[in-house]
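**Student:** For reference, the structure I am asking about is given below.
Each reported figure results from applying straightforward, stated rules to the coordinates on display, with no laboratory input. Note that the structure is predicted; figures quoted are calculated from it, not measured. So basically every Cβ, Gly included, is an ideal-geometry build from the backbone, and we count neighbours across all protein chains shown.
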Amino acid sequence: MLGIEDKGVMAAYLLCIVSAILCVVYGLINWSRGDDSVEPDDVKWAIEEQKVEDKI
């Protein structure tokens with residue numbers, strides 16, 4: 001098949017193609033998902049970080 005006699009080489013080619021297809025499918029599924037929700041602790045941390053940066 002396609003002039004490739006070794007089964008290992010054929011498996012490597014097929015696995016590369018399958019993994020590329022899976023990456024595209026995963027990207028299409030997750031394309032329009034929003035960012036993670038913001039936790040209250042994250043907001044507090046950002047405020048404290050801004051205060052520290054303002055002092056510098």
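**Student:** Please find, within the range 13-47, the residue that is nearest to the chain's Cα centre (by Cα) out of those that are charged (D, E, K, R) and in a helix (DSSP H, G or I).
**Tutor:** Ranking the qualifying residues of the range 13-47, first place goes to Asp42.
**Student:** Six or more apart or on different chains, Cβ under 9 Å: which pairs go from a residue in the range 1-28 that's aliphatic (A, V, I, L, M) to one that's part of a loop (DSSP other than H, G, I, E, B)? Could you list them?
**Tutor:** Met10/Met1; Met10/Leu2; Met10/Ile4
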